[in-house]
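Engineer: Shown below is the structure under consideration.
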Amino acid sequence: MNFAADLCDRASTLWHIQRVRYLVRTHAQIGPNALITVAQFDCPDPACPGPKTQITILGFDLMRRSLLIHLPVADIMAEDLDAAIK
């Protein structure tokens, strides 16, 4: 893969991470002081269909919630978050 294509892929992934962080903040109805991290990992389980995304929410009360969605970060939509958050 050449440098330009690699840079484009990284920029796209970063954009989707920011998009998912915004969706989590709005759908979970958490304040601006919460820390939200989004990371995409390759699933080591052969039965897993593909990459998975881990979302961690650290609230102002220092309570941590972790969500695991078996989708790439680019494919996560609001409906996926609604099912995972509730």
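The values are calculated or read from the model by the stated rules, or taken from the named source; none is laboratory data. Fair warning: this is a prediction, and the values are worked out from it, not measured in the lab. Reconstructed Cβ throughout: ideal geometry from the backbone, glycine too, with neighbour counts over all protein chains shown.
Engineer: Considering only residues of the range 64-86 that are of a type in the set (V, I, T) and at pLDDT 90 or above, which is surrounded by the fewest Cβ atoms within 10 Å (Cβ to Cβ)?
Structural biologist: Applying the first criterion (of a type in the set (V, I, T)) to the range 64-86 yields 69, 73, 76, 85.
Filter again for at pLDDT 90 or above, leaving 69, 73, 76.
Working: I69: 19, V73: 24, I76: 22.
Ranking the candidates gives I69 first.
Engineer: So, in the range 1-16, how many residues would count as being in a loop (DSSP other than H, G, I, E, B) and among the hydrophobic types (A, V, I, L, M, F, W, C)?
Structural biologist: So the answer is 1.
Quick grid of which residues meet (1) out of contact with any strand residue (DSSP E or B) (no Cβ under 9 Å at 6 or more places or on another chain); (2) basic (K, R); (3) surrounded by fewer than 15 Cβ atoms within 10 Å (Cβ to Cβ); (4) at pLDDT below 90:
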site: M1; (1), (2), (3), (4): yes, no, yes, yes
site: Q18; (1), (2), (3), (4): no, no, yes, no
site: Q40; (1), (2), (3), (4): no, no, no, no
site: P44; (1), (2), (3), (4): yes, no, yes, yes
site: Q54; (1), (2), (3), (4): no, no, yes, no
site: I57; (1), (2), (3), (4): no, no, no, no
site: L62; (1), (2), (3), (4): yes, no, yes, yes
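Engineer: A further question on this structure: When you scan the range 17-36, do you find a residue that is free of Cβ contacts under 8 Å to residues at least 12 places away in the same chain and either outside any helix (DSSP H, G or I) or touching a helix residue (DSSP H, G or I) at 6+ places or on another chain (Cβ under 6 Å) (or both), even just one?
Structural biologist: yes
Engineer: Then there's this: Which of the residues that make up the range 50-59 are under 20 Å from H16 (Cα atoms) and either part of a loop (DSSP other than H, G, I, E, B) or aromatic (F, W, Y) (or both)?
Structural biologist: Once the filter is applied, which keeps residues that are under 20 Å from H16 (Cα atoms) and either part of a loop (DSSP other than H, G, I, E, B) or aromatic (F, W, Y) (or both), the range 50-59 yields G50, P51.
Engineer: Of all residues in the range 64-83, how many are in a loop (DSSP other than H, G, I, E, B) and either touching a strand residue (DSSP E or B) at 6+ places or on another chain (Cβ under 7 Å) or of a type in the set (D, E) (or both)?
Structural biologist: So the count comes out to 4.
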